[in-house]
Amino acid sequence: MAHEERQHALLSASGAHRWLYCTPSARLEEQFPDLTSDHAREGTLAHELAELKVRNYFFTVDFGKRKLATAVNKLKKQELWQDEMQGYTDDYLDYIKSVALSFSAEPSVSLEKQVDFGAYVPGGFGTADCIMISGTTLCIVDFKYGKGVPVSAEGNPQLSLYALGAYEAYRLLYPIDTIKMAIVQPRIPDGISEWECSVSELLAWGEWVKERAALADKGEGSFQPGEKQCRFCRAKMLCRARSDHNVKQAFQIGELPPLITAAEAGERLATLEDVVRYQKDLQEWALAECLAGNEVPGWKAVEGRGSREWTDTDTALDALQQKGISPALLYETRPLTAPQVEKMIGKKEFQELAAEFVAKKAGKPALVKESDKRPAITNKITATEAFKEDIES
Ligand code: SF4
């Protein structure tokens, strides 16, 4: 199935993290168009490239080098093509190869497999990027091209639904007792997330899903605003539950006692994140309304600050040089940074040609959520360091 032709069920696997927790969201979202962004189209293109490479690896007889080259050349003609997609999809292929080779017996492989999880979710189906089965293990791998929010495979509802569908499809053919799930998100550092559970754990989760899905299908249950579920909800700009939740969060700030505890500060930092995000979503909606000629009382659209640009850069700079302005003043040459060169030539080549010239400078301290994978840092001197300093002095 062509990636852009992938159909979407009302209770889609990709939206499961939303309708499983905020069950009325799926029906509410129906009122809003499903707009496809350039980021999503870019992701689709990268997915197509990734699939071609994996297909060539596993099914070389039917889809050999020549067919791969022709198909890739076709993709290169698309407007959103970027050369860096080659390196990122190679990372995905490398991961798939490593999983396939880790099995004791050659796996049975399905790519772009439509899986039916209708036994758990009314009308539920989705397309799994790669399913591998070997021995008693069923492994689902999902490629994600996003570089904003890292997605974890641990208990991931989208992959778990695919796993339920795949298990239903293959359980009579293979003695599956273990489910492995992996998300490969090559555009973020440490972009591989893996998780494993038993079939009985998956099926127990499936029973809980059945109850939630029945509510979601009818648009019943209570609204549960929250950062994760609201982020990509199509109703997020006008949803009253989200609006009330965020306004309440914002106003509570005024009721705080003069000093807050560190625990309260941590909690409020987390809740304010979504308040700020909500304000941006609402601004975006109001601007679109004003530009469409609709009234949003108290607000209007105006022209932002413009910028000055050359109408014809070459002609303008030639004219300046003819008037005696030195080219050294008009042009600047600056070396590209290591990440810029890596992006241009790809990770592999960069490793071979330039890795020895790269030193990692410590970044500025940044505040992130506790769930972030990076180790915590502190300026506080430890007892060992203090002891060492004493001895040295
Ligand atoms: S915006 Fe949030 S609270 Fe409202 S329907 Fe969507 S997920 Fe639920």
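The values are calculated or read from the model by the stated rules, or taken from the named source; none is laboratory data. Nothing here was measured: the structure is a model prediction, and the numbers come from that model. Don't worry about glycine lacking a Cβ; one is built from the backbone with ideal geometry, like all the others, and counts go over all protein chains shown. Remember, those area values only see protein heavy atoms, side chains included, never the ligands or the DNA or RNA. Shrake-Rupley method; radii C 1.70, N 1.55, O 1.52, S 1.80 Å.
Structure notes:
- GLU194 being more than 15 Å from the ligand (Cβ to nearest atom) and under 26 Å from the mean Cα position of the chain (by Cα): yes
- Cβ pairs under 7 Å, 6+ apart, first in segment 212-231 and more than 30 Å from GLU267 (Cα to Cα), second within 13 Å of the ligand (Cβ to nearest atom) and open to solvent by 60 Å² or more (accessible area, probe 1.4 Å): GLY219/ARG27
- Evaluating LEU10 against the criteria (1) in a loop (DSSP other than H, G, I, E, B); (2) closer than 21 Å to VAL151 by Cα leaves one unmet condition, (2).
- Residue check for LEU203: free of Cβ contacts under 8 Å to residues at least 40 places away in the same chain, among the aliphatic types (A, V, I, L, M), more than 8 Å from the ligand (Cβ to nearest atom) and closer than 19 Å to LEU11 by Cβ: yes
- Residue among GLY155, GLY87 that alone is part of a helix (DSSP H, G or I) and touching a residue at least 40 places away in the same chain (Cβ under 8 Å): GLY87
- The residues in segment 155-167 that are modelled with pLDDT of 95 or more and open to solvent by 10 Å² or more (accessible area, probe 1.4 Å) can be counted, and the count is 5.
- Qualifying residue in segment 103-111 (condition: acidic (Asp, Glu), open to solvent by 50 Å² or more (accessible area, probe 1.4 Å) and assigned to a helix (DSSP H, G or I)): no
- Qualifying residue in segment 207-227 (condition: of a type in the set (A, V, I, L, M, F, W, C), more than 16 Å from the ligand (Cβ to nearest atom), modelled with pLDDT of 90 or more and open to solvent by less than 70 Å² (accessible area, probe 1.4 Å)): yes
- Only a single item in (1) touching a helix residue (DSSP H, G or I) at 6+ places or on another chain (Cβ under 9 Å); (2) modelled with pLDDT under 95; (3) farther than 30 Å from THR23 by Cα; (4) surrounded by fewer than 15 Cβ atoms within 10 Å (Cβ to Cβ) is not met by GLN86, and it is number (4).
- Among the criteria (1) closer than 19 Å to VAL141 by Cβ; (2) part of a helix (DSSP H, G or I), the one MET181 does not fulfil is (2).
- Test result for GLU352, modelled with pLDDT of 85 or more and assigned to a helix (DSSP H, G or I): yes
- Applying the condition of being of a type in the set (Gly, Ala, Ser) and open to solvent by less than 50 Å² (accessible area, probe 1.4 Å) to segment 34-68 and asking which residue is nearest to GLU112 (Cα to Cα) yields ALA50.
- The single condition among (1) away from the ligand (no atom under 16 Å from the Cβ); (2) surrounded by fewer than 19 Cβ atoms within 10 Å (Cβ to Cβ) that LEU10 does not meet is (1).
- All positions within segment 123-137 that are over 20 Å from ALA50 (Cα atoms) and in contact (Cβ under 8 Å) with a residue 60 or more places away in the chain: GLY123, GLY124, PHE125
- Hits in segment 322-349 (condition: in a helix (DSSP H, G or I) and open to solvent by 70 Å² or more (accessible area, probe 1.4 Å)): GLN322, ALA328, LEU329, PRO339, GLN340, LYS343, MET344, LYS347, LYS348, GLU349
- TYR170 being more than 13 Å from the ligand (Cβ to nearest atom), buried (at least 20 other Cβ atoms within 10 Å of the Cβ) and of a type in the set (Phe, Trp, Tyr): no
- The residues of segment 191-206 that are of a type in the set (Val, Ile, Thr) and open to solvent by 50 Å² or more (accessible area, probe 1.4 Å) amount to a single one, ILE192.
- Looking across segment 19-45, the residues that are under 19 Å from the mean Cα position of the chain (by Cα), modelled with pLDDT under 95 and part of a helix (DSSP H, G or I) come down to ASP38, HIS39, ALA40, ARG41, GLU42, GLY43, THR44, LEU45.
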